[in-house]
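These notes are about the structure you will find just below.
The values are calculated or read from the model by the stated rules, or taken from the named source; none is laboratory data. Nothing here was measured: the structure is a model prediction, and the numbers come from that model. Using ideal geometry, Cβ is built from the backbone for each residue, glycine included, and neighbour counts are taken over all protein chains shown. Note: areas computed on protein heavy atoms with side chains; ligands, DNA, RNA excluded. Shrake-Rupley method; radii C 1.70, N 1.55, O 1.52, S 1.80 Å.
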Amino acid sequence: MGAGHAHKLYRHGHSPVHALPPHTKLVAVFCFVVVVVSTPREAVWAFGLYALLLAAVAVAARVPPGFLLKRLAIEVPFVAFAFLMPFVVPGEQTTLLGVSVSVPGLWDAWNVLAKGTLGVAASVLLAATTELRALLLGLQRLRLPPLLVQIASFMIRYGDVITDEMRRMSVARRSRGFEAKGVRHWGVLAKSAGALFIRSYERGERVHLAMVSRGYAGSMPVIDEVTATGAQWTRAAALPLSALAVCLLGWTL
């Protein structure tokens with residue numbers, strides 16, 4: 001199930017975090033994100049403690065800060081959206097660096113940045129310490145609908161195949177002297193996109209026929225039955241339980 005190679009988000013290692021069963025890490029990250037989202041935005045100190053908890057996990061997993069920071073770039077669109085909020089959200093006005101901004105907008109921007117960054121960082125750590133195939137097995141172990149697991153599996157497995165097809169088509173266009181430089185070339189790119197869709201659809205039909213000829217009846221066989229001990233569940237629960245304690249303090253203080 002899944003791809004037969006490691007994804008670029010995964011960092012090979014033998015740390016205690018890597019050794020945890022995938023479904024325990026999935027539950028831990030999900031619960032951590034729920035706790036972070038439930039924290040009042042006014043408890044600024046709480047988000048600092050959450051960041052320290054994730055930093056401790058990164059140290060235990062031997063994930064370098066640079067590796068983590070580079071992959072946090074995926075949230076740049078959310079950062080841009082957050083920076084606009086102090087200027088578009090109505091409410092009481094204040095001056096920040098000589099610019100008039102909305103106080104509710106500042107709080108909303110902080111809320112989006114803090115919670116979004118922590119959620120993305122937790123997801124990056126999960127991906128860095130768990131192979132994609134193991135994640136799929138973990139979802140299967142957590143009784144996610146089998147059809148969704150199969151769809152995710154095929155997306156991961158054939159995403160690189162489609163990317164390579166796009167690359168070959170691009171090389172073929174450039175070898176014939178084509179280079180997209182303006183609107184007048186959009187027609188060629190649109191035809192290429194259509195051809196890519198047809199090739200992908202036909203490849204999907206061939207893959208399905210090959211699977212049916214090998215006995216596929218709507219469900220994939222379970223290759224590995226991954227189980228977790230009580231000690232492993234306890235180690236995985238350390239992150240969300242610590243975050244829950246911080247969240248409760250944030251609501252009471």
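Of all the listed residues (137, 125, 196), the sole one being under 30 Å from residue 47 (Cβ atoms) and surrounded by 12 or more Cβ atoms within 10 Å (Cβ to Cβ) is 125.
Apart from one condition, residue 154 fits all of (1) surrounded by 13 or more Cβ atoms within 10 Å (Cβ to Cβ); (2) under 30 Å from residue 143 (Cα atoms); (3) out of contact with any Gly (no Cβ under 9 Å at 6 or more places or on another chain); (4) aromatic (Phe, Trp, Tyr); the exception is (3). Filtering segment 42-72 to residues that are open to solvent by 50 Å² or more (accessible area, probe 1.4 Å), farther than 13 Å from residue 117 by Cβ and not hydrophobic (A, V, I, L, M, F, W, C) leaves 42, 62, 65, 70. In this entry, residue 106 passes the filter for residues that are modelled with pLDDT under 95 and either farther than 20 Å from residue 239 by Cα or open to solvent by 40 Å² or more (accessible area, probe 1.4 Å) (or both).
Among the conditions (1) aliphatic (A, V, I, L, M); (2) touching a residue at least 12 places away in the same chain (Cβ under 8 Å); (3) part of a helix (DSSP H, G or I); (4) under 30 Å from residue 53 (Cα atoms), residue 228 misses just one, which is (3).
Remark: pairs (first residue in segment 45-67, closer than 14 Å to residue 32 by Cα; second residue open to solvent by 40 Å² or more (accessible area, probe 1.4 Å); Cβ separation under 6 Å; 6+ apart in sequence or on different chains) = 53/242.
Would you point out the residue of segment 85-95, among those that are among the aliphatic types (A, V, I, L, M) and surrounded by 12 or more Cβ atoms within 10 Å (Cβ to Cβ), that is nearest to residue 116 (Cα to Cα)? Let's see the steps before the verdict.
Just the residues of segment 85-95 that are among the aliphatic types (A, V, I, L, M), to begin with: 85, 88-89.
Remaining after also requiring surrounded by 12 or more Cβ atoms within 10 Å (Cβ to Cβ): 85, 89.
Values: 85: 15, 89: 19 Å.
Ranking the candidates gives 85 first.
Which residue is farthest from the chain's Cα centre (by Cα), if the candidates are limited to segment 148-202 and must be in a loop (DSSP other than H, G, I, E, B) and hydrophobic (A, V, I, L, M, F, W, C)? Please lay out each step first, then the result.
Kept after step one, since they are in a loop (DSSP other than H, G, I, E, B), are these residues of segment 148-202: 176-182.
Restricting the remaining residues to those that are hydrophobic (A, V, I, L, M, F, W, C) gives 178, 180.
Numbers: 178: 35, 180: 32 Å.
By that ranking, first place goes to 178.
Checked against the criterion of being open to solvent by 90 Å² or more (accessible area, probe 1.4 Å) and either farther than 30 Å from residue 32 by Cβ or in contact with a Phe, Trp or Tyr (Cβ under 9 Å, 6 or more places away or on another chain) (or both), the candidates 176, 203 yield just one match: 176.
Within segment 100-144, the set of residues being part of a helix (DSSP H, G or I) and either aromatic (Phe, Trp, Tyr) or at positive phi (or both) comprises 107, 110.
If only residues of segment 119-166 that are of a type in the set (S, T, N, Q), closer than 28 Å to residue 201 by Cβ and in contact with a helix residue (DSSP H, G or I) (Cβ under 8 Å, 6 or more places away or on another chain) are counted, the one that is modelled with the highest pLDDT is 140. The single condition from (1) in contact with a Pro (Cβ under 9 Å, 6 or more places away or on another chain); (2) open to solvent by 40 Å² or more (accessible area, probe 1.4 Å) that residue 12 fails is (1). For residue 30, which of the numbered conditions (1) within 12 Å of residue 126 (Cβ to Cβ); (2) in a loop (DSSP other than H, G, I, E, B); (3) open to solvent by 70 Å² or more (accessible area, probe 1.4 Å) fails to hold? So the condition that residue 30 fails would be (2).
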